[in-house]
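Trainee: Starting off with a structure, shown below.
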Amino acid sequence: MRYEGNIFRPFSEANSYLLQCTIGCSHNQCTFCGMYKDKKYRIRSLEDIKTDISMAKQHYVDVEKVFLCDGDALAIDTEILLEILYELRQAFPSLRHVGTYAGPRSILDKEMTELTALRAAGLGKAYLGVETGDDELLRTVKKGVTADEMLLAGQRLIQAGINLSAMVLLGLAGPGEPSHRHALATAKICNEMKPHYLAALTVTPVPNTVLYRQVRDGKFTVLNPFETLEEMKIMLENLEVRGLKFVGAHASNYLPLSGTLPEDQMKMINIIDHVLTTRDSNLLRHENMRGL
């Protein structure tokens, strides 16, 4: 299959056919993200995308899951997206899942009728980088929207019937009071947004990002593993979304935890408490085993 640049996709899309619809990310200004710094954003031609689908049909014959790359396929004009989804359905009779990263601004730029049409055409899941519910922190990391706008973006996806996987970043605010405020605000926005999945990742400074330079210059302090767990605990203690699938098993996390709320809520909190009490680093994922 043809693909320009490095491949990025959610870990839950590991078995999906990756169809590159855009090159890079339409926003690409977040201070912590180094995923698309080597790409200039553009939308691929529909002809090229259709050719790729045809090539995939010849190679795979049939697939059940497709993920639309790169960073924000939802930024594509709705009529083009509908045609892409139609081509996918025609090519793969067993297709049951199409997912994409979705930027909050791209969601807000579409009418509800467009989002519901995309859902009806087969777009079943969107991954939204919420990162935090702290308005000031969203500005600091240059997310491009306010907390109210981020909340509305998530709510619009859910209203359209699209399965929402929200992603938040542990450690994004640094240590101390900002960490506590970030954890509470993030739990609050998730309670109001009510995503189907909540994926917690841990901030990992990567080269060629603003955050990496801030760490290097002593302007930002990365949380230690136990401070990260304290932040995760505060979030878990304050989440109130029934049926929420909490996914904390990402490779960036020091302590892989996953479960359904509220059934598994106390179990996960108790596991964190045990690690925080013992301060046993052997219970944590080794630094060499962490990654993005």
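The values are calculated or read from the model by the stated rules, or taken from the named source; none is laboratory data. All values derive from a computational prediction rather than experimental measurement. All Cβ positions, even for glycine, are placed from backbone atoms using ideal geometry, and neighbour counts span all protein chains on display.
Trainee: Considering (1) on the phi > 0 side of the Ramachandran plot; (2) part of a helix (DSSP H, G or I), say which one residue 113 fails and leave the rest.
Mentor: Just one mismatch for residue 113, condition (1).
Trainee: Report, by residue number, each residue of region 59-73 that is among the charged types (D, E, K, R), in a loop (DSSP other than H, G, I, E, B) and in contact (Cβ under 8 Å) with a residue 40 or more places away in the chain. Don't jump to the end; show me each part of the working.
Mentor: Looking only at region 59-73, we keep the residues that are among the charged types (D, E, K, R), and these are 62, 64-65, 70, 72.
Subset that is in a loop (DSSP other than H, G, I, E, B): 62, 64, 70, 72.
Hits for region 59-73 are 70, 72.
Trainee: To continue, here is another question. Taking the condition under 15 Å from residue 103 (Cα atoms), loosely packed, with under 15 Cβ neighbours inside 10 Å and acidic (Asp, Glu), does residue 38 pass?
Mentor: It is false that residue 38 is under 15 Å from residue 103 (Cα atoms), loosely packed, with under 15 Cβ neighbours inside 10 Å and acidic (Asp, Glu).
Trainee: Residue pairs, Cβ under 6 Å, 6 or more apart or interchain, first in region 219-244 and more than 18 Å from residue 270 (Cβ to Cβ) and free of Cβ contacts under 8 Å to residues at least 60 places away in the same chain, second of a type in the set (D, E, K, R) and part of a loop (DSSP other than H, G, I, E, B). List them.
Mentor: Pairs that qualify, where the first residue is more than 18 Å from residue 270 (Cβ to Cβ) and free of Cβ contacts under 8 Å to residues at least 60 places away in the same chain and the partner is of a type in the set (D, E, K, R) and part of a loop (DSSP other than H, G, I, E, B), are 241/194.
Trainee: If I ask for residues that are out of contact with any strand residue (DSSP E or B) (no Cβ under 8 Å at 6 or more places or on another chain) and of a type in the set (D, E, K, R), which ones from region 237-270 would you list?
Mentor: The initial filter retains those residues of region 237-270 that are out of contact with any strand residue (DSSP E or B) (no Cβ under 8 Å at 6 or more places or on another chain), namely 237-238, 240, 242, 251, 262-263, 266, 269-270.
Of everything in region 237-270, those that are out of contact with any strand residue (DSSP E or B) (no Cβ under 8 Å at 6 or more places or on another chain) and of a type in the set (D, E, K, R) turn out to be 237, 240, 242, 263.
Trainee: Give the residue that is surrounded by the most Cβ atoms within 10 Å (Cβ to Cβ), with candidates limited to residues of region 82-111 that are closer than 16 Å to residue 43 by Cα and of a type in the set (S, T, N, Q).
Mentor: Among them, the one singled out is 100.
Trainee: While we're here: Which residues, counting only those in region 172-202, are outside any helix (DSSP H, G or I) and buried (at least 21 other Cβ atoms within 10 Å of the Cβ)?
Mentor: Those that are outside any helix (DSSP H, G or I) and buried (at least 21 other Cβ atoms within 10 Å of the Cβ): 172, 173, 195, 198, 199, 200, 201, 202.
Trainee: Let me ask something additional. With respect to residue 246, is the statement that it is assigned to a strand (DSSP E or B), buried (at least 17 other Cβ atoms within 10 Å of the Cβ) and among the aromatic types (Phe, Trp, Tyr) true?
Mentor: On the way: assigned to a strand (DSSP E or B): yes; buried (at least 17 other Cβ atoms within 10 Å of the Cβ): yes; among the aromatic types (Phe, Trp, Tyr): yes.
For residue 246, the condition - assigned to a strand (DSSP E or B), buried (at least 17 other Cβ atoms within 10 Å of the Cβ) and among the aromatic types (Phe, Trp, Tyr) - is met.
Trainee: So in region 256-266, with the set limited to residues that are at pLDDT 95 or above and part of a loop (DSSP other than H, G, I, E, B), which one is nearest to residue 286 (Cα to Cα)?
Mentor: 264
Trainee: Next question, about the same structure. Would you check if residue 235 is more than 21 Å from residue 286 (Cα to Cα) and assigned to a strand (DSSP E or B)?
Mentor: For residue 235, the condition - more than 21 Å from residue 286 (Cα to Cα) and assigned to a strand (DSSP E or B) - is not met.
Trainee: Among 242, 213, which is the only one that is at pLDDT 95 or above and within 25 Å of residue 153 (Cβ to Cβ)?
Mentor: Matching residue, one of 242, 213: 242.
Trainee: Might you check whether a residue that is in a loop (DSSP other than H, G, I, E, B), of a type outside the set (A, V, I, L, M, F, W, C) and touching a residue at least 12 places away in the same chain (Cβ under 8 Å) occurs anywhere in region 42-58? Full working, then the answer.
Mentor: So the first thing to find is which residues in region 42-58 are in a loop (DSSP other than H, G, I, E, B), and the list is 44-45.
Pick out the ones that are also of a type outside the set (A, V, I, L, M, F, W, C) and you get 44-45.
Then keep just the ones that are touching a residue at least 12 places away in the same chain (Cβ under 8 Å); that gives 44.
Looking through region 42-58, at least one residue is in a loop (DSSP other than H, G, I, E, B), of a type outside the set (A, V, I, L, M, F, W, C) and touching a residue at least 12 places away in the same chain (Cβ under 8 Å).
Trainee: How about region 1-30: which of its residues are surrounded by 18 or more Cβ atoms within 10 Å (Cβ to Cβ) and more than 22 Å from residue 124 (Cβ to Cβ)?
Mentor: Listed by number, the residues that qualify are 23, 24, 27, 28, 30.
Trainee: Of all residues in region 112-160, which are hydroxyl-bearing (Ser, Thr, Tyr) and surrounded by fewer than 20 Cβ atoms within 10 Å (Cβ to Cβ)?
Mentor: The answer is 113, 116, 140, 146.
Trainee: While we're on this one: Counting only residues that are of a type in the set (A, V, I, L, M) and in a loop (DSSP other than H, G, I, E, B), which one in region 1-24 is modelled with the highest pLDDT?
Mentor: The residue in question is 14.
Trainee: If you don't mind, there's one more thing I want to ask. Being at pLDDT below 95, in contact with a helix residue (DSSP H, G or I) (Cβ under 8 Å, 6 or more places away or on another chain) and either assigned to a strand (DSSP E or B) or farther than 30 Å from residue 122 by Cβ (or both) is true for just one of 168, 206. Which residue is that?
Mentor: 206
Trainee: Quick one: which of 81, 115, 68, 74 is of a type in the set (A, V, I, L, M) and more than 19 Å from residue 27 (Cα to Cα)?
Mentor: None of the other options fit; the residue is 115.
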